[in-house]
Protein chains: 2
Amino acid sequence: MAYTYNYPHPAVSVDIVIFTIRDDALSVLLVERGLPPFQGEWALPGGFIRLDESLKHAAWRELKEETGVNAAYLEQLYTFGHPKRDPRERVISVAYFALLPSDKLEIRAASDARNVAWFDTREVPQLAFDHNKILRKAEHRLAAKIEYSTIALQLMPDRFTLPHLQHVYELIRGGPIDKRNFRKRIRALKVIEPTGEESRSGARRPAKLYRLTDRNRVDVFK
Amino acid sequence: MAYTYNYPHPAVSVDIVIFTIRDDALSVLLVERGLPPFQGEWALPGGFIRLDESLKHAAWRELKEETGVNAAYLEQLYTFGHPKRDPRERVISVAYFALLPSDKLEIRAASDARNVAWFDTREVPQLAFDHNKILRKAEHRLAAKIEYSTIALQLMPDRFTLPHLQHVYELIRGGPIDKRNFRKRIRALKVIEPTGEESRSGARRPAKLYRLTDRNRVDVFK
DNA sequence: CCAAAAGTGTTCGTACTACACCCATGC
DNA sequence: GCATGGGTGTAGTACGAACACTTTTGG
């Protein structure tokens with residue numbers, strides 16, 4: 001089947017940077033390409049949009065295809081359109097970034113034969129297309145937004161401890177945070193509440209467990 | 001001439017929200033549509049991308065076509081892709097926003113027979129497509145960014161006074177600012193310098209003139 | 001009782017807010 | 001000399017940064 005237009009059209013794809021916290025590292029989901037171009041190289045999950053779906057819908061679809069997850073934080077990142085970014089034809093990529101809670105990610109990738117894997121963001125190899133550039137932009141956006149929003153809480157499992165949350169902040173910011181200042185700041189946000197339970201793990205004092213007061217709420221301040 | 005693809009492609013356009021300060025108002029450049037759809041209605045300047053140019057290049061091209069200007073602040077705003085936003089076919093619009101210094105805008109629109117006009121942002125009529133939505137997003141971006149960057153200086157002419165600059169800030173924020181606090185803050189940015197001249201205009205004390213230390217520099221803080 | 005991590009307050013400096021009067025000009 | 005807008009400093013407050021010890025647990 002062929003589609004014909006009076007003037008040239010680019011292809012439009014959606015690529016997603018899916019972050020989660022895994023094994024003590026901020027991680028991103030990558031897929032190994034099974035076909036040229038860049039066959040055998042790792043790339044961000046993505047695909048071409050359908051003409052009857054919104055961009056966000058396309059992003060959700062890709063997210064679900066790769067992870068099985070249908071609840072996550074999702075926001076448009078940037079649109080990449082360098083004429084030569086895809087060697088086949090002109091492809092404009094609308095990039096999204098998603099945050100997945102770390103307890104929702106075992107469900108991943110019954111999809112197909114391709115390799116799908118989480119990579120520590122500090123150990124990402126060279127990627128297909130301009131995907132390293134997209135990933136860099138997503139990391140910057142995340143690092144910036146963690147400073148003036150409650151976005152980082154979208155990476156947390158249903159119940160978590162404050163030391164765990166602090167660790168997530170430290171991973172994203174790339175540096176240590178003072179414990180007392182951190183706890184003061186988080187408490188002032190009034191977006192988490194104690195569950196009354198404790199996390200008992202090994203030879204040390206148990207930490208109190210918290211949950212989000214509203215799982216889907218993301219506040220932006222300033 | 002026809003262009004044929006194996007799977008359907010959307011059209012991709014670039015629309016620009018061009019802001020300037022004019023007649024005591026934050027203003028946006030609009031063009032009257034000469035052809036359907038939305039014939040006779042006002043719209044943001046824009047057009048379809050060429051397959052051999054980058055998105056930013058397309059934005060520059062549109063900017064120059066409408067204003068004759070080739071130096072301005074230009075940044076990607078957001079990509080709008082609702083399937084029904086254009087009644088003709090699927091059109092995905094990559095929106096940019098631009099800031100034009102108020103002394104560079106007499107050069108505008110020798111372009112063609114269409115009407116082109118600056119509108120006070122508070123008096124914008126109903127626009128074609130989803131352009132009111134795009135405009136709203138651009139206004140929000142500008143209002144947000146003025147708080148944590150030196151972006152507003154991109155709207156200033158080569159030489160300007162501090163009361164003038166304050167007025168621009170007040171227009172964008174939509175509220176009054178304390179004069180002494182404002183001046184203190186601007187001075188702390190260290191991005192303007194006195195020219196030594198004065199602006200002599202009418203029956204009052206002349207104001208000192210300033211210029212940007214670096215016309216093209218935009219700082220983002222925090 | 002020891003190791004290891006959880007938990008908890010106060011002080012200091014900085015940045016933002018509020019606020020009122022004199023100055024230079026044209027008419 | 002008066003009307004109009006230009007120009008200047010200080011005091012109070014709120015927010016983020018630095019910083020050390022006690023508590024609880026398992027082994």
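At a glance:
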{"quantity": "Reachable lysines, given that their alpha-carbon falls under 26 Å from the alpha-carbon of residue A:56 and they are not under 8 places away in the same chain", "calculated": "A:64, A:84, A:104, A:133, A:137, A:145, B:56, B:84, B:133, B:137, B:145"}
{"quantity": "Computed [θ] at 222 nm, helices only, for chain B once each DSSP H run of length n ≥ 4 contributes -39500 (n - 2.57)", "calculated": "-7000 deg cm²/dmol"}
{"quantity": "Relative packing of peptides A:198-206, B:210-218, A:129-137 - highest average C-beta neighbours within 10 Å first", "calculated": "A:129-137, B:210-218, A:198-206"}
{"quantity": "Rg over Rh [alpha-carbon atoms, Kirkwood Rh] for chain B", "calculated": "1.02"}
{"quantity": "Within 10 Å of each Cβ in A:5-16, the average number of Cβ atoms from other chains", "calculated": "6"}
{"quantity": "Descending principal axes extents, the protein assembly as shown, alpha-carbon based, whole Å", "calculated": "80, 63, 36"}
{"quantity": "Debye intensity ratio in log₁₀ form over the Cα atoms of region B:1-112, taken at each q of 0.12, 0.15, 0.17 Å⁻¹", "calculated": "-0.46, -0.70, -0.88"}
{"quantity": "Over region A:50-138, relative contact order from alpha-carbon pairs under 8 Å, at least 6 apart, %", "calculated": "29 percent"}
{"quantity": "Cα-centred dipole magnitude for chain B, charges only on beta-carbon of K, R (+1) and D, E (-1), debye, nearest 20", "calculated": "980 debye"}
{"quantity": "Largest-first principal axis extents, alpha carbons of region A:118-222, Å", "calculated": "48, 38, 25"}
{"quantity": "Which of A:66, A:193, B:65 has the fewest Cβ neighbours within 10 Å, and the rest in rising order", "calculated": "A:193, B:65, A:66"}
{"quantity": "Cβ-defined net charge surrounding residue A:133, 15 Å radius [Lys, Arg +1; Asp, Glu -1]", "calculated": "+1"}
{"quantity": "For B:86, A:15, A:158, order by how many other beta-carbon atoms lie within 10 Å, fewest first", "calculated": "A:158, B:86, A:15"}
{"quantity": "Stokes-Einstein D (µm²/s) once Rh is taken as the Kirkwood radius of region B:6-72 over alpha-carbon pairs, at 37 °C in 0.692 mPa s", "calculated": "243 µm²/s"}
{"quantity": "Relative contact order (%) - chain A, alpha-carbon pairs under 8 angstrom, separation at least six", "calculated": "21 percent"}
{"quantity": "Inter-copy separations for residue A:203, label at 7 Å along Cα-Cβ, nm, ascending", "calculated": "8.8"}
{"quantity": "Proximal charge balance of residue B:87 [Cβ under 14 Å; K/R count +1, D/E count -1]", "calculated": "+1"}
{"quantity": "Label distances, nm, residue B:84 versus same residue in remaining copies, Cβ-directed 7 Å point", "calculated": "4.2"}
{"quantity": "Normalised convex hull volume, region A:125-182, alpha-carbon set, Å³ per residue", "calculated": "104 Å³"}
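Values quoted throughout were computed directly from the atomic coordinates according to the rules given, and no laboratory measurement underlies them. On a predicted model such as this, the values are computed, not experimentally measured, just so you know. Here the Cβ is made from the backbone with ideal geometry for all residues, glycine too, and neighbour counts use every protein chain on show.
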